[in-house]
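Here, each number is a calculation from the coordinates, and none is a lab measurement. In this text, all values refer to a predicted model and were calculated from it rather than measured experimentally. Here the Cβ positions follow ideal geometry from the backbone for every residue, glycine too, while neighbour counts run over all protein chains shown.
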Amino acid sequence: MTRVKKGATAHKHRKHLLKHAKGFKYGRKSKYKLAKDALRHAWTYSYRDRKVKKRDFRQLWQLQINAAARKLGINYSQLIHGLKLKKAELDRKILSELIKKYPAVFETIIEEVKKK
């Protein structure tokens, strides 16, 4: 049986990994061992932070809705409860967009919720 040295495969693997490390500082962009470790951390953080990003945006939308609703005499929890009672299927992202782009529509929604 012939001996397999894997030289070409190993070179291809290292080249692929270093391509992903482009833009890193110091030796982490050019030295395989450092690049491998840096990418392992980077990919871990990127996976985690894709989840955190969703959480952060939802918090931001809740703050914006609460601030706008309080100006109109109702708090966030009462607004969301009222929307559920009215069976209005508006999510927080849409409500936040309404506040920014169409404040009159948001005011109408608040008035409907206040009626109960």
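How large is the convex hull of the C-alpha atoms of segment 1-103 per residue, in Å³?
Residue-normalised Cα hull volume stands at 192 Å³.
Quick check: Cα centre of segment 61-88 to Cα centre of segment 92-116, how many Å? Each part reduced to its Cα centre gives a spacing of 8 Å.
Taking Cα centre as origin and charging only the Cβ of basic (Lys, Arg, +1) and acidic (Asp, Glu, -1) residues, the dipole magnitude of the chain rounds to 1360 debye. In segment 1-47, the ratio of gyration radius to Kirkwood radius, Rg to Rh, stands at 1.13 when only Cα atoms are counted. Projecting the Cα atoms of F57, L34, A69 onto the dipole axis of the chain, where Lys and Arg carry +1 and Asp and Glu carry -1 at the beta carbon, places L34 farthest toward the positive end. The 3J(HN,Hα) values that the Karplus relation (6.51, -1.76, 1.60; θ = phi - 60°) gives for segment 38-53 are, in residue order, 4, 5, 4, 5, 4, 5, 5, 5, 5, 5, 4, 6, 5, 6, 5, 4 Hz. Gly and Pro appear as x.
Of the GluC sites (Glu not before Pro) found in segment 63-116, those in coil by DSSP whose Cβ has at most 12 other Cβ atoms within 10 Å are E89.
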